[in-house]
Amino acid sequence: MTEIARKRPVFRNINALKDLPTYRLPAAGWVSILHRVSGVLMFLLMPFIIWMFDNSVSSEISFATFSAAFNTGLGFVPGVLVKLVALALIWAYLHHFIAGVRHLYMDVFHAVSKEFGKSSAVVTLTLSLGLTAVLGAKLFGLY
């Protein structure tokens with residue numbers, strides 16, 4: 001065994017409180033984690049999505065109830081919270097879609113390199129957050 005091989009650190013146990021806060025995750029890692037988070041978020045909010053779709057297309061009265069939910073709220077839930085949940089769904093859909101297209105592109109064109117992974121991850125994060133900001137501004141009535 002050489003001298004260099006003996007001096008390499010050996011990590012047997014990782015302390016979550018000590019080691020994880022100092023670990024810097026690359027952009028591709030964030031995209032991967034957020035892709036899973038966005039999928040779980042869309043799955044968990046599926047009843048809300050179905051309620052929104054049902055009330056928006058059933059009748060004029062149900063559409064008025066749907067529209068009022070965003071302004072006055074639903075029962076004890078304020079309208080701002082309904083808008084925030086809708087904004088979370090908008091982000092989840094956009095991020096999941098854009099990250100999925102990124103993964104499909106990498107699979108089809110065998111574009112698996114460190115440079116492409118980093119640049120496409122930054123583009124994915126920028127596009128998903130930028131489009132969410134634009135649609136969120138529309139949702140909250142800024143334009």
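Some values worked out for this structure:
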item	result
Angle in degrees between helix 27-44 and the longest Cα principal axis of the chain, rounded to the nearest 10	40 degrees
Two-site FRET efficiency, N71 against N13, from Cβ-Cβ distance with R₀ of 41 Å, rounded to 0.05	0.15
Given charges at beta-carbon only (K, R positive; D, E negative), |dipole| of the chain in Debye	840 debye
Within the chain, helix-based [θ] at 222 nm, where runs of 4 or more DSSP H residues each add -39,500 (n - 2.57), nearest 500	-25000 deg cm²/dmol
The chain: angle of helix 114-139 to the longest principal axis, Cα-based, in degrees nearest 10	20 degrees
Built amide H within the under 5 Å cut-off of G73, gap 5+	G79
Where N is the number of residues in the range 27-139, Cα Rg divided by 2.2 N^0.38 Å	1.28
The range 27-139: relative contact order as a whole-number percent, Cα under 8 Å and 6+ apart	36 percent
Extension reserve of the L20-S119 stretch, reckoned as 0.36 nm per residue once the Cα distance is removed	33.2 nm
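No lab work stands behind these numbers, since they all come straight from the coordinates. Predicted, not measured: the structure shown is a model, and the values here were computed from it. Here Cβ is always computed from backbone atoms with ideal geometry, including for glycine, and neighbour counts include all displayed protein chains.
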